[in-house]
Amino acid sequence: MNSVLKNYSGILLLLLGITIGSIIGIVAPNLVEYLKPLGDIFLNLLFVSVVPLVFFAVANSIASLEQQSKFGRIMFVMTFTFLFFIITAAIFTIGAVYLFPVSGVMGSSEVVEASAGDDSWADRIVGFFSVGEFTQLFSRQNMLALLIFSFMTGFSARKAGEKGMVFRSFIASGYEVMKELLLIIMRAAPIGLGAYLAYQVATLGPQLFGFYAKPLGLYYVAGVIYFIVFFSLYAFMANGKTGVKSFWTHAPFPTLTALSTCSSFATMPANLEAASKIGIPSQISNIVIPIGTTLHKNGSSMSSIIKIYVAFLIIGRDFFDPVNLLLALGITIFVSIVAGGIPNGGYIGEMLMISVYQLPQEAVPAVMIIGTLVDPLATVLNAVGQLVASMFVSRFVKV
């Protein structure tokens, strides 16, 4: 019991913070103008720490890659599997929010105004991928350009060989430092988000609770359906009825581990044990499960779509515009794969979402709260997804 409380302490503290903030927003709305600066300070600290973390984390991950040519086929099939699962989860969630829409918050468009300009799409595409000055790279408004620069820097550091060893050590050390900084800042999330929610409740009224409850309920219902139906389908594609039976015979252990620890990494040993009992070759499971724990996130894919949908509801824009949907899929792939290896990577995805869609920062607290509250089920989908992915890869790779 103590272990469970420890693992869920972050969620429990955040729930406490937003509960207290909500009560203050209802019973003492005159106080929120004094509390809102706490929320603003927290968001500003989050913004300035996330940007350098993205650079160091992405550059370090590329620079430290090892040659794995003998595992070429496994890596190719694994990459295809991860993308297939992630995109399927995202499209399924888009279908769910389309069939069961959530109504927007009345008055939110007056409180939160979209900051999109009148630039042409050609200009915006150039702005997505590049900037005119080096210093502009480290603005949260240019996250996509920063990502591309980080990939190129990591690749160049790797190509430099021995001459780049000192620089590779620098970016590896920078990643560790910025990771710890972000973890320190996130300890203030219950206070910061609680203060911001107090402001939202006082401004938008009690209807805000229904606004949060509906997307949360939609995520949990859709997530359970995806877990049961699609994981069974993937297991069937891997090994027919035998695969389905084997998966559900051995999946409960990693599922309960994910629920009790709220950690994909803590679930990795349970996944490896379950994979061994299912009969997946160790040459496959020992590659797919560890890499997938970092780079393959079904639950994060679904939560990314929900969070983008919620942000669009807040500012009163059309989520189902074809261009917005394509951008949502691209952001979701990044959040589920690239940001998966970064602590609190979902928040980095939110920064990218703000940059690409040119959303105001007032949309951030809402999507952060949604992301935190869906974390238990998202962890299950993320963690157990590695087990079914290793089954899927073993179907197409014989070792």
Cβ-derived FRET efficiency at R0 35 Å, residue 134 paired with residue 13, nearest 0.05: 0.35
Give me the accessible area per residue for segment 214-285, probe 1.4 Å, as a whole number in Å². 47 Å²
Highest average packing first - 279-290, 148-159, Cβ atoms within 10 Å: 279-290, 148-159
Taking a cut-off of 30 Å between Cα atoms, list the lysines near residue 179, but don't count ones fewer than 8 places away on the same chain. 6, 36, 159, 163, 297, 307
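Report, in debye and to the nearest 20, how large the dipole of segment 180-319 comes out about its Cα centre when Lys and Arg carry +1 and Asp and Glu carry -1 on their Cβ. Walk me through the numbers on the way to the answer.
Numbers: 8 positive and 3 negative charges, 44 e Å.
With only Lys, Arg, Asp and Glu charged at Cβ, the dipole is about 200 debye.
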Set Lys and Arg Cβ to +1 and Asp and Glu Cβ to -1, take the dipole of segment 150-242 about its Cα centre, and tell me which of 235, 198, 172 lies farthest positive. 235
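Go ahead and run the numbers for FRET between residue 241 and residue 282, Cβ-Cβ distance against an R0 of 25 Å, rounding to 0.05. Write down the numbers at each step before the final one.
On the way: r = 24 Å, r/R0 = 0.97.
Plugging the Cβ-Cβ distance into 1/(1 + (r/R0)^6) gives 0.55.
The values are calculated or read from the model by the stated rules, or taken from the named source; none is laboratory data. Everything quoted here is computed from the prediction, not taken from an experiment. No Cβ is skipped: glycine too gets one built from the backbone with ideal geometry, and neighbour counts run over all protein chains shown. Protein only, heavy atoms only, side chains kept; ligands, DNA and RNA dropped before computing areas. Shrake-Rupley method; radii C 1.70, N 1.55, O 1.52, S 1.80 Å.
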